[in-house]
1. For the range 259-377, what is the accessible area per residue in Å², given a 1.4 Å probe and the full set of protein chains?
2. Using a Gaussian network model of the chain whose springs link C-alpha atoms within less than 10 Å, name the residue from Asn159, Asn205, Asn53 with the highest mean-square fluctuation.
3. Could you please state how large a percent of the accessible area of the range 259-377 is carbon and sulfur, counting protein chains only and using a 1.4 Å probe?
4. Rounded to the nearest 500, what is the 222 nm mean residue ellipticity of the chain from helices alone, with -39500 (n - 2.57) per DSSP H run of 4+ residues and division by all residues?
5. Rounded if a/c is under 1.5, else prolate if a/b beats b/c, else oblate: with a ≥ b ≥ c from the C-alpha gyration tensor eigenvalues square-rooted, which is the range 3-128?
6. In terms of Cα to Cα distance under 19 Å, which aspartates and glutamates are near enough to Lys187, apart from those fewer than 8 places away along the same chain?
7. Once the principal axes of the Cα atoms of the range 81-214 are found, what is the range along each, listed largest first in whole angstroms?
8. Would you kindly state how much longer the chain becomes between Glu314 and Ile136 on full extension, computed as 0.36 nm times their sequence separation minus their alpha carbon distance, in nm to one decimal?
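The values are calculated or read from the model by the stated rules, or taken from the named source; none is laboratory data. Computed from a predicted model, the values in this text were never measured in an experiment. Neighbour counts run over all protein chains shown; Cβ positions are idealised from the backbone, glycine included. We work out accessible area using only protein heavy atoms, side chains counted, and drop any ligands, DNA or RNA first. Shrake-Rupley method; radii C 1.70, N 1.55, O 1.52, S 1.80 Å.
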Amino acid sequence: MSKKYHIVTYGCQMNVHESEKIAGILRRMGYEETKEKEDSDIIVFNTCCIRENAENHAFGNIGALKKLKKQKPDLLIAVGGCMTQEKGKTDVLKKKFPFIDIMFGTLNLEELERLIIKKRQQKKKVIEIREKEGEIVEFPDPYRTSYPNAWVNIMYGCNNFCSYCIVPYVRGRERSRKPENIINEVKKLVAEGYKEITLLGQNVNSYGLDNTTGMTFAELLESVASIEGKFRVRFMTSHPKDFNEDVVKVMEKYPKICRLVHLPVQSGSNSILQAMNRRYTREKYFGEIEMLKSRLPKAEVTTDIIVGFPEETEEDYLQTEDLVKKVDFASAFTFVYSPRQGTKAAEMENQISEDVQKDRIMRLVELVNSLTRAKSEKYVGKIVEILCEDYDEKKGLYLGRDEFGRMGYFKCDHNAVGEFVLLKITRANGISLFGELQDDSRL
Ligand code: SAH
Ligand code: SF4
Ligand code: F3S
């Protein structure tokens with residue numbers, strides 16, 4: 001009987017895709033997937049440390065395995081991802097959870113097979129974290145779990161050191177993947193039937209700026225979008241300090257690039273943006289939205305916002321509300337600032353009290369929800385193209401997204417996953433849309 005693996009993933013799309021790479025390694029070693037932890041021979045936690053609650057979540061889930069590990073001493077427990085890469089965190093993990101067998105980092109993911117083999121040969125736990133990024137390693141066989149979407153890394157790491165953010169410390173400096181490797185991967189995915197390609201990087205607009213690729217992001221995007229076939233192209237994340245018209249011109253030329261830009265603003269106040277080391281102003285941000293909409297009037301923007309950053313006054317917060325109203329985002333991810341050890345912001349004076357943070361996040365969520373609800377209402381009566389992603393057992397409905405990321409549910413008498421369909425939207429509920437399949441709408 002073959003051995004079984006179970007992977008628990010926290011954090012962003014980057015991590016979701018890295019779990020697919022981990023799954024690829026484990027399958028090559030002969031493991032098969034199981035949904036049940038109790039059935040597993042190896043459980044891998046792919047962790048995130050972007051905010052304290054992401055870490056607590058992982059701590060809780062790892063801690064819960066103590067009993068299982070006692071009952072099943074041969075079960076291997078491996079912890080990787082951004083948390084293990086944090087300075088001093090492996091010691092914390094070792095102390096808290098002495099039953100962990102293997103720890104690896106984001107910078108030596110490809111070594112997992114060797115670490116597992118090493119662990120099988122010794123009683124002692126195996127902890128190997130690489131401190132500095134090496135050359136980019138190509139993964140031949142990620143085991144993809146997000147059909148019809150496929151995640152494709154275009155770069156790794158981050159050079160921006162936003163003052164609140166731990167990512168540059170746990171992901172290393174920016175490295176751009178070679179264009180031919182990216183383009184060949186996308187061609188292969190399209191040939192295999194993937195219908196949506198999402199190009200991934202912490203700041204895609206700085207692709208190639210490390211001078212190793214001979215291509216800018218706009219040029220890369222064009223090369224990807226000019227691959228034959230019916231599929232969508234998405235990219236994330238764009239950084240407002242580097243987002244530019246060249247990218248929008250490429251979007252204009254290729255309808256298969258979704259008219260959606262994820263452009264995290266973080267704050268609407270110039271003094272907070274400066275303290276965050278974001279290197280743009282609200283005026284520059286407005287200018288970019290205007291440029292985008294003047295070329296692509298139907299384009300939508302999504303964003304990330306942090307409230308309760310050190311020194312944030314009520315006035316600063318209201319500037320954020322004002323920006324949110326003016327930009328009219330398709331959706332916004334909102335976060336309470338969480339101090340991360342080792343970052344500049346964690347050392348700043350005037351950290352904001354929890355009460356004030358809570359109050360601001362509640363007001364902001366309310367505002368964002370009302371705007372996104374209003375946007376959903378506008379869909380009613382319209383016909384939209386949806387890429388069907390999944391079947392919701394509870395609702396008994398298929399679901400998918402339009403190019404702006406809006407979720408649409410519909411009834412269908414055959415398995416529509418992976419098909420582009422036309423829906424007439426009949427009802428909106430919060431951010432979800434419900435629609436009727438149009439006759440002969442399969443595209
Ligand atoms: N590279 C992307 C986002 C990476 S992290 C960018 O530059 O926008 C995703 C989001 O998490 C960020 O956009 C930010 O809004 C949020 N985030 C990062 N660090 C945080 C912290 N310490 N506290 C709260 N939110 C944080
Ligand atoms: Fe973090 Fe800023 Fe880099 Fe994004 S750009 S990952 S927020 S440091
Ligand atoms: Fe992503 Fe979390 Fe790491 S957001 S890059 S998994 S710290």
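1. Accessible surface, normalised per residue, equals 46 Å².
2. Asn53
3. Within the range 259-377, the accessible surface is 51 percent carbon and sulfur.
4. Details: 13 runs with 147 residues, N = 443.
When only DSSP H runs of four or more count, the value is -10000 deg cm²/dmol.
5. Values: a/c = 1.30, a/b = 1.14, b/c = 1.14.
In terms of gyration-tensor shape, rounded.
6. Of all the aspartates and glutamates, those that pass the test against Lys187 - Cα under 19 Å, at least 8 places apart if same chain - are Glu20, Glu138, Asp141, Glu196, Glu219, Glu222, Glu228, Glu419.
7. Answer, in whole Å and largest first: 45, 37, 23 Å.
8. Between Glu314 and Ile136, full extension yields 59.7 nm more.
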